[in-house]
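Down below is the structure, laid out as structure tokens.
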Amino acid sequence: MGHLVELRTRLIRVSIALVAGVIISFVFRVRIFDILVDPAPDSIRDQLIIIKMTGGLSIAMKLSLAGGFMIAMPVLVHQFIMFVSPALTRREKKYVYLALPWITVMFLGGVAFAYFILVPPATNFLLTFGSEFGSMEPTTEDYISLVTRYIVAVGLVFEIPVIITFLARLGVVKPEWLSKNRRWAIVLAFIAAAIITPTFDPINQGMVAVPMILLYELSIWMAKIAYKKRAKSEKDYLSD
């Protein structure tokens, strides 16, 4: 019952953070929309249309939910860590607190990478490919769904090095195991890129898959460092 009460408390705090983030995003929804439209081709704003009576409300809610999730993410991570912290040792808790700021930094780095690097070519490809078959009239709702999915998904993908390093520090995964399964990681990277990327061209999919592979390689390197530090700490602890 104690765990259930603790879980309820954490879920309530997460819900409050999400609701607050959604409200803030709803107030600034027009500004958020302008920011999301900015990396697309110059003519995109004039081409976007709304074809449903409920389209404006749907767009506002998508903007609010995506913005609310990004605003509340540090709180979500913190509450999750606080929920599992009683099961961790003092040393493991220290690792968690060290990883916490990097989780936010890497997520924001992924958001920036998607916004500045991935969104412009992807939207340009979708708006120009197939134009010989008819005039392109993209809807605002489709565009917002595309961009928000891109940004949130890539932001989460950028958490890979932090998570793997943390697991290596705890001794859950070993650098040798990561290196041994490198080829499977490459395959999974291209599968994930195909899911995240709405386009079928290999260029845009490669722009998502290649950073994921590089992040995995970075994770192996960081896991080696973390594992060596763990071994040294255990050795010093046993010697004391």
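Within the option set Phe116, Phe133, Phe125, Phe83, being open to solvent by 50 Å² or more (accessible area, probe 1.4 Å), touching a residue at least 24 places away in the same chain (Cβ under 8 Å) and more than 24 Å from Val37 (Cα to Cα) holds for one residue only, Phe83. For Gly2, the conditions (1) under 30 Å from Phe80 (Cα atoms); (2) in contact (Cβ under 8 Å) with a residue 40 or more places away in the chain all hold with the exception of (2). Among residues that are more than 18 Å from Leu218 (Cα to Cα), hydrophobic (A, V, I, L, M, F, W, C) and in a helix (DSSP H, G or I), Ile164 is not included. Residues in the stretch 1-19 that are over 16 Å from Ser64 (Cα atoms) and open to solvent by 100 Å² or more (accessible area, probe 1.4 Å): Met1, His3, Leu4, Arg8, Arg13. Scanning the stretch 30-41 for residues that are over 20 Å from the mean Cα position of the chain (by Cα) and surrounded by fewer than 17 Cβ atoms within 10 Å (Cβ to Cβ) gives Val30, Arg31, Asp34, Asp38, Pro41. Scan the stretch 42-77 for residues that are over 15 Å from Tyr115 (Cβ atoms) and over 16 Å from the mean Cα position of the chain (by Cα) and the total you get is 21.
Of the residues in the stretch 163-182, none is among the small types (Gly, Ala, Ser), without any contact (Cβ under 8 Å) to a residue 40 or more places away in the chain and surrounded by fewer than 20 Cβ atoms within 10 Å (Cβ to Cβ). Residues of the stretch 151-170 that are within 28 Å of Lys62 (Cα to Cα) and in contact with a Leu (Cβ under 6 Å, 6 or more places away or on another chain): Ile160 alone.
In the set Met73, Met61, only one residue is among the aliphatic types (A, V, I, L, M) and either over 27 Å from Val162 (Cβ atoms) or open to solvent by 40 Å² or more (accessible area, probe 1.4 Å) (or both); that residue is Met61.
The values are calculated or read from the model by the stated rules, or taken from the named source; none is laboratory data. A quick note: this is a predicted structure, and the numbers were derived from the prediction, not measured. Quick reminder, even Gly has a Cβ in these numbers, built from the backbone with ideal geometry, and neighbours come from all protein chains shown. SASA here: full protein model, heavy atoms, side chains in, ligands and nucleic acids out. Shrake-Rupley method; radii C 1.70, N 1.55, O 1.52, S 1.80 Å.
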